[in-house]
Amino acid sequence: MSFPDEHELHKRRFGRNLGLGLVLAAFVTLVFGMTIAKVSDERFAVPTNEVAN
């Protein structure tokens, strides 16, 4: 007994899901890269809570 053939709707849905997944992965990579670039900048410093008199 074999599995029935996949319906055409499922093939199209898989294609859309794959495309959306790739776009989402590219966006996450872009945001991560921008974060690394900002943090690795020499002028970047974590603010301190020192009170100036």
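No value in this document is a laboratory result; all are computed from the given coordinates. No experiment lies behind these values; they were computed from the predicted model shown. Because the Cβ atoms are built from the backbone with ideal geometry, glycine has one as well, and the counts that use them run over all protein chains shown.
Quick look at the values:
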{"quantity": "Residue 24-residue 48 FRET efficiency (beta carbon distance; Förster radius 35 Å; 0.05 resolution)", "calculated": "0.45"}
{"quantity": "Burial order of peptide ranges 21-29, 2-10 (average beta-carbon count within 10 Å, highest first)", "calculated": "21-29, 2-10"}
{"quantity": "Computed [θ] at 222 nm, deg cm²/dmol, the chain (DSSP H ≥ 4; -39,500 (n - 2.57); rounded to nearest 500)", "calculated": "-22000 deg cm²/dmol"}
{"quantity": "Rg to Rh quotient for the chain, alpha carbon positions, Kirkwood Rh", "calculated": "1.49"}
